[in-house]
Amino acid sequence: MSDAQHIRTDDDRWERIVELTAGAANTCLGCDVCEVVCPWSNWEKAGPDLPTMLRDAQLGADSDSSTDKSLWGCCTCASCETTCPKGVKVTDVLLGLRGLAFEDGRAPTRLSGLLKSLQETGNPEGHPATEKMKWAKDLDLPPMHEERGCLVYFGSAACYDLRLQRVSQALESVLRAIDLDFGVLDDEPDSGAVVRFLGEQAYLEQLIDTNLETFKDFGVREIVAVSPYDYDMFMRIYPRFGDSFRVFHITEYLDQLIQFDRLAFAHKGETRRVLYHDPCYLGRHHGVYDPPRRVLQAMPGLELVEFAQSREQSPCCGGGGARMFMNENAGENFSDERVQEAKDLGIDMIVTPCPSCIQMFEESLANKFIEGIEVRGVVELAATWSPYSPSEQDDAVYGTQGTA
């Protein structure tokens, strides 16, 4: 009698996997192209092996998924999706498998704690919800109401993190400088981006439903998001659950204001060369490449320089997919190579429109002991470049002429 064990596939489990991955699991060919092009392949010689992960999940052989670096190390950067011959939404598959791990109680302990912080405090860092807008206590930000319609959404990172608060403050100063009418929520809810990265679908649906009701109550018709992660949530995920609204990343919004002569920048009398980095969730996930560049190009005296790999080929900073909450060892950041390239080019400023990228680049500069390079957000640079509204100046001139 043979000692061989018979392994049976679990059809019910596979149906659950297909459901959690929005059907993407069904389209995988098992060719392993995703593994080859994954940024992790440059660091550990192999990226996530998606076909094996799907097979193990179906067979229930993924009992060690709580320590599986392939599953929890994925940054959801979508590099693999640009080369997949079947166009598989690999990000959806990985997040679905994470959701399965949470359902089975096999998620890493530290991530369970992260989820608990979100549920209890409304943010992944566990800060008191009452302190979210504390950074703006002296700014007299306009409260959101139906007549305004446009909500500026700062997001948890840009409100709680001391470094990223400078991005929020810069945005407020730019919008004030051109007298733009906008509103904010004193009790701004979390968008749910981190919850989605963790794969906890049930709580995500509950959070989105609640947020949609809040936005409806305040008459939100447009959302301008600071973080590409929040932008992605409002752009792609929220419309699946109810009413949709116009969504802009802040660089798209500033670009439109420039096009309509509502925003311009004064010459600072200096020339500055900057390297621009494309964030994954603005670039590859949504194809937003030109608006941030046009905003920078509108600043007189600023010279925009490109990395060797940019736009669709731009490498991930390593912080996406909630990865920034899981980095345990210095030297595991993809951004290390990016800052080294900036040093080799002799350029002293990296500019990016993503709060997560700012954090990862600054961490890499510190870990590699590189001095003399600044990391700035596009909005931060805009605030220092003397923003003004040309249309308001024209109105003032025409008004004077009309009364002469």
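Among 237, 372, 165, whose Cα projects farthest towards the positive end of the dipole of the chain, with charges put on the beta-carbon of Lys, Arg (+1) and Asp, Glu (-1)?
Result: 372.
Based on the Cβ-Cβ distance of residue 104 and residue 222, what FRET efficiency does E = 1/(1 + (r/R0)^6) give at R0 = 41 Å, to the nearest 0.05? Can you show the working numbers first?
Values: r = 40 Å, r/R0 = 0.98.
The computed FRET efficiency comes out at 0.55.
Over the chain, what is the percentage of antiparallel beta bridges among all DSSP beta bridges, to the nearest 5?
10 percent
Treating the angle as unsigned and between 0 and 90°, give the value, to the nearest 10°, between the Cα long axis of helix 11-20 and the longest Cα principal axis of the chain.
On a 0 to 90 degree scale, this one is about 10.
Pairing the Cα long axis of helix 335-345 with the longest principal axis of the chain, what angle in degrees results, from 0 to 90 and rounded to the nearest 10?
50 degrees
Nearest 10 degrees, 0 to 90: what angle lies between the long axis of helix 165-177 and the longest principal axis of the chain (Cα atoms)?
Helix 165-177 sits at roughly 40 degrees to that axis.
Using a Debye calculation, one point per C-alpha and no hydration shell, please list log10 I(q)/I(0) for the chain at q = 0.06 Å⁻¹ in order.
-0.26
Enumerate lysine pairs in the chain that are 8 or more residues apart or on different chains, then count those whose Cα atoms are under 25 Å apart.
14
Only the coordinates and a few stated rules stand behind these numbers; no lab work does. Please read all numbers here as calculations on a predicted model, not as lab measurements. Here Cβ is always computed from backbone atoms with ideal geometry, including for glycine, and neighbour counts include all displayed protein chains.
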